[in-house]
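Novice: Before I ask anything, here is the structure I am working with.
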Amino acid sequence: MPIDKKYIGKKYGPTTYVVGAEKLREFAYAISGGVPSMGFTGTGAPKGLNPLLHDAEAAKQGPYGDLIGLPNFAVVFSIAPFGQAVTDPELKINLAMLVHGEQEFEFFEVIKPGDVMTSTGVITDLYDKVGKDFLVLTTESKNQHGKLVVRGTWLAVIRHS
Amino acid sequence: MSFSVGDTFTHVRTCDRYRPIYYAAASGDFNPIHLDPEFGKAAGLGGNILQGLCTMGWAVEGFVNYLGDPGKVSKVTVRFSRPVMVDDTITVVGKVTAIEGGKLTAALTAKNQKGEDVLKNTVVEARV
């Protein structure tokens, strides 16, 4: 059964997330071939990693005055409304049949330690074709200054079971 | 740092055995299809697969290395066209297609060691 189109416009969130310096570092390490740990299994910053992403002293002298996250660290907090949507009991989505089809992010502000991100989401499109449902969710995450940090467009593809 | 239309950049990453676990720890995505080979096989995927958003992260990382400043990235668009499996080596190749009005645009490909696209329609933008 295709998902009812009446859910277009349904909203999710707000969810909040406090950005920590070590999480920003761990994320950069994991993407860049390292181990996301500051503990005994950690191996330090991967060779060649941009200092703005892990070296607080160097970053304080840099253009943003502090460490920043990789822009795609935004997935960590902006995924929350997407998670709520695909597990919404009213939508009856079988998660085993779901794949992440497409993703777009627009980045407006850098992500810094101590930022408090508030994320909301809205179903902006729902359609079915060739035996699959396509769900498009748009998320917006704002920081504690009320500035839009990232807008995400998430496409989930759900095979009919 | 100067940028020109036609510039290219290449970035190579291998999905080592623990990469999906490391990315799960960093991102919070602990879906068992990424962590558990048996679960991945049962889901018809032939094993555990890397989080698509990690592959997207490699595309962004390659672009960041070219730009020299992670804070300049303003947009990324990807389509996930094929799963990345453990031991796959992904080569990201980017080419700058336009620079105008303070915006740099690059088109990217991301292929596995067999030459198959793991990302399609991948476009990144930056403030320059």
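The values are calculated or read from the model by the stated rules, or taken from the named source; none is laboratory data. Not measured: the values here are computed from a predicted model. All Cβ positions, glycine included, derive from the backbone under ideal geometry; neighbour counts span all protein chains shown. Side chains are part of the model used for accessible areas, which takes the heavy atoms of the whole protein and leaves out ligands, DNA and RNA. Shrake-Rupley method; radii C 1.70, N 1.55, O 1.52, S 1.80 Å.
Novice: When you look at the Cβ of every residue in B:47-57, what mean number of other chain Cβ atoms sits within 10 Å?
Specialist: 3
Novice: Treating cross-link reach as a plain straight distance, find the aspartates and glutamates whose alpha-carbon is under 15 Å from the alpha-carbon of B:LYS120, omitting any fewer than eight places away in the same chain.
Specialist: Hits, sequence-local ones excluded: A:GLU102, A:GLU104.
Novice: Now a separate question. Check cross-link reach from A:LYS92 to the lysines: straight Cα distance under 18 Å, and skip same-chain residues fewer than eight apart.
Specialist: A:LYS5, A:LYS6, A:LYS10, A:LYS11, A:LYS129, A:LYS132
Novice: Can you return the lysines within cross-link range of A:LYS47? Criterion is Cα-Cα under 26 Å, with same-chain partners fewer than 8 residues away left out.
Specialist: Cross-link targets: A:LYS23, A:LYS60, A:LYS112, B:LYS72, B:LYS75, B:LYS95, B:LYS111.
Novice: What is the angle, in °, between the Cα long axis of helix A:74-86 and the longest principal axis of the Cα atoms in chain A? Nearest 10 is fine, range 0 to 90.
Specialist: It works out to around 20 degrees.
Novice: Explain nothing, just compute: Karplus ³J(HN,Hα) = 6.51 cos²θ - 1.76 cosθ + 1.60, θ = phi - 60°, for every residue of region A:116-126 in order, whole Hz, x for Gly and Pro.
Specialist: Whole-Hz 3J(HN,Hα) from phi for region A:116-126: 10, 9, 10, 10, 10, x, 9, 6, 9, 7, 8.
Novice: Going by Cα centres, region B:52-95 and region A:77-140 are how many Å apart?
Specialist: If we compute the Cα centre of each part, the gap is 20 Å.
Novice: Restricting to DSSP H runs of at least four residues, report the calculated mean residue ellipticity at 222 nm for chain B, -39500 (n - 2.57) per run over all residues, nearest 500 deg cm²/dmol.
Specialist: Rounded to the nearest 500, the figure is -7500 deg cm²/dmol.
Novice: Under the rule of -39500 (n - 2.57) per DSSP H run of 4 or more residues, summed and divided by the residues of chain A, what mean residue ellipticity at 222 nm is obtained, to the nearest 500 deg cm²/dmol?
Specialist: Helix-only estimate at 222 nm: -5000 deg cm²/dmol.
Novice: Continuing with the same structure: For chain A, what is the accessible area per residue in Å² when the probe is 1.4 Å?
Specialist: Ligands and nucleic acids excluded, the result is 46 Å² per residue.
Novice: May I pose another question? For region A:30-35, just list the computed ³J(HN,Hα) in residue order, Karplus coefficients 6.51, -1.76 and 1.60, θ = phi - 60°, integers in Hz, with x standing in for Gly and Pro.
Specialist: Values, residue by residue: 5, 5, 9, x, x, 10 Hz.
Novice: For chain B, calculate the relative contact order in percent as a whole number, restricting contacts to Cα pairs under 8 Å that are 6 or more residues apart.
Specialist: Value for chain B: 28 percent.
Novice: If contacts are Cα pairs under 8 angstrom and at least 6 residues apart, what is the relative contact order of region A:44-155 in percent?
Specialist: Taking the mean separation of contacting Cα pairs over the length of region A:44-155, I get 24 percent.
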